[in-house]
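Q: The structure that follows is given in the form of structure tokens.
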Amino acid sequence: AKQERHFTMARVVNNQQAICLQASKARRAQKADRLQATGSKTSAFIAPKNLRADKTSFLTQQQCKSQTLKISCGGSAPASNGTPYDVARANRDLTITRFGMPSKGRMAEDTQQLLKDCQLPVRKLNPRQYTATVPQLGDGVEVWFQRASDVVRRLCTGDLDMGIVGYDMLIEYGMDDPELVVLHNSLNFGHCHLALALPKMGMWENIDTLDQLMAMPEWTMENPLRVVTGYHYIAKKFFDEKGFKNYQLLHADGALEAAPLMGSADIILDLVSTGTTLRENNLKEIEGGQIMESEGVLVARRSALTGNPSTLMVVREMIERLEAHLRAQKLFTVVANMRGKSQEEVAAKLLDANSGLGGLQGPTVGRVFVNGADGTPHDGEFYAITICVQKKQLYDKVKALRRLGGSGVMVSPLSYVFDEEPERWTTLLETLNIDDYDAFVADC
């Protein structure tokens, strides 16, 4: 009875498939008749209005398939050849600066938090949208949320003008493209390093250095060292620079730590933050196996900076704000009262090389006024001093102040420390061969 029910169900399924196949053939025949009646061989794909060069621009599906867009990383945008993609890029408003950010994960959260701390909050009306704005930067800036790897790819193809990504992603997908210019190389989030890791036990137990790893007799052209990683460009460059040839790079999207235990790879090359995941999977780093340090960086296209003055102005403001905030994160303002005979005497004590209390450029020293016996204010023996100290050195500096006669020490955090001209901005102008920024903007 079970077999009969099984065969009955099989016949029903076969009959349904046959009916669907006949209906599909009938629809295709009807479509062919309609196309023949209109004299057209293929259906037309019409680009949306905002993508068309003019109201009559369109392209057939067959033409779309026959045309392949090839853009190398760092190459210039191709001229429009009629595809919807080309038409969109040809019609792009170049006065708008496109700013790419990671769309998900810790990097995305840290990027938006940093901008918020710099008074540049990202305004995103719908969490499902992939576009946003930064009101403080005006209407000339569009934010585009992409995967971190795609942010770099879009920078290379010219679809984005600037972006924030991890330095590891910039090198891996940017492939040392000279068109990409790092504007700020230390955004103080996303700290990690890219390193080799291998098992602790077995044949690896006594392998503690990169030289020992490469010298193992097991690795030959027929039996190469299998390295699983998502960073093939960086890995190849690293091993080639070390002169090691007997290796094979394998790809994996995640859970690389399991590969050696499964036997699908010998070692891994991956990002390491705390090292906990490596230890939990019985893996270890080796001396000489750390390839690079990585953290968040601000990067832009060289051609966007030199060809669009509005982009360069946006970059200048961002560098100013980022630099001022990141510098302030490392400092405290210290205010205290100090005894002394004069402002000069107090200043001399603070500026003494052994005290380390000189502040950024020098201390601010002012008189402290008190009420006299007759109720009249007059300056006494105290002077108020204000200096900036490194957060890591705070307690040592407070003790030094006390030894010099300081009291009533008050400590406050800083939000921003603006310089006359950020060093990174002047370095950027030198990189772009711009001697006079104001004249450059005026000429453009």
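The values are calculated or read from the model by the stated rules, or taken from the named source; none is laboratory data. Quick caveat, the model's predicted, so the values are computed rather than measured. Backbone-built Cβ (ideal geometry, glycine too); neighbour counts: all protein chains shown. Only protein heavy atoms, including side chains, enter the accessible area calculation; ligands, DNA and RNA are left aside. Shrake-Rupley method; radii C 1.70, N 1.55, O 1.52, S 1.80 Å.
Q: Among 174-182, 428-436, how do they line up from the highest to the lowest mean number of other beta-carbon atoms within 10 Å?
A: Result, highest mean first: 174-182, 428-436.
Q: I've got another one for you. For the range 318-367, what ratio Rg/Rh do Cα atoms give with a Kirkwood hydrodynamic radius?
A: Expressed as Rg/Rh, it is 1.11.
Q: Evaluate the distance, in nm, between pseudo-label points positioned 7 Å from the Cα of K330 and of M203 along their respective Cα→Cβ axes.
A: So the two model labels end up 4.6 nm from each other.
Q: Going toward the positive end of the dipole of the range 219-370, with +1 on Lys and Arg Cβ and -1 on Asp and Glu Cβ, which of N246, V227, F369 do you reach last?
A: So the residue we want is F369.
Q: Additional query: From the alpha carbon gyration tensor of the range 290-444, can you work out the equivalent ellipsoid semi-axes (sqrt of 5 times each eigenvalue) and give them in Å, largest to smallest?
A: They are 44, 19, 13 Å, listed from largest to smallest.
Q: Treating only the Cβ atoms of Lys and Arg (+1) and Asp and Glu (-1) as charged, compute the dipole magnitude of the range 147-293 about its Cα centre; round to the nearest 20 debye.
A: 180
Q: Oh, and also: Based on Cβ point charges of +1 for Lys and Arg and -1 for Asp and Glu, what charge dipole magnitude is obtained for the range 169-216 about its Cα centre, in debye rounded to the nearest 20?
A: 220
Q: From the phi of every residue in the range 413-428, what ³J(HN,Hα) in whole Hz does the Karplus formula 6.51 cos²θ - 1.76 cosθ + 1.60 yield, where θ is phi - 60° and glycine or proline is x?
A: Taking θ as phi minus 60°, the curve returns x, 10, 9, 8, 10, 8, 8, 4, 8, x, 4, 5, 6, 5, 5, 5 Hz for the range 413-428.
Q: Moving on. I'd like the Kirkwood hydrodynamic radius of the range 358-441, using the inverse of the mean 1/r over distinct C-alpha pairs, in Å.
A: Over the range 358-441, the inverse of the mean reciprocal pair distance is 17.0 Å.
Q: Let me ask something else about it. Exceeding 26 Å between C-alpha atoms, which entries from my cross-link table qualify? They are K104/K330; K284/K392; K200/K245; K341/K399.
A: Exceeds cut-off: K104/K330; K284/K392.
Q: Quick one: Cα convex hull volume of the range 120-258, Å³ per residue?
A: Considering the Cα atoms of the range 120-258, their hull volume per residue is 163 Å³.
Q: Another question, then. Give the aspartates and glutamates whose C-alpha is closer than 17 Å to that of K242, dropping any in the same chain fewer than 8 places away, or say none.
A: D208, D211, E287
Q: Mind checking the per residue accessible area of the range 261-382 for me, 1.4 Å probe, whole number of Å²?
A: Each residue of the range 261-382 exposes 51 Å² on average to a 1.4 Å probe.
Q: Between the range 97-115 and the range 163-204, what's the alpha-carbon centroid distance in Å?
A: Each part's Cα centre sits 17 Å from the other's.
Q: Calculate I(q)/I(0) for the range 262-309 by the Debye formula, one identical point scatterer on each C-alpha and no solvent, and give its log10 at q = 0.21, 0.28 Å⁻¹ to two decimals.
A: Here the Debye-derived log intensity ratios amount to -0.85, -1.19.
Q: If the viscosity is 0.692 mPa s and the temperature 37 °C, what Stokes-Einstein diffusion coefficient in µm²/s follows for the range 276-363 when Rh is the Kirkwood radius over Cα pairs?
A: 173
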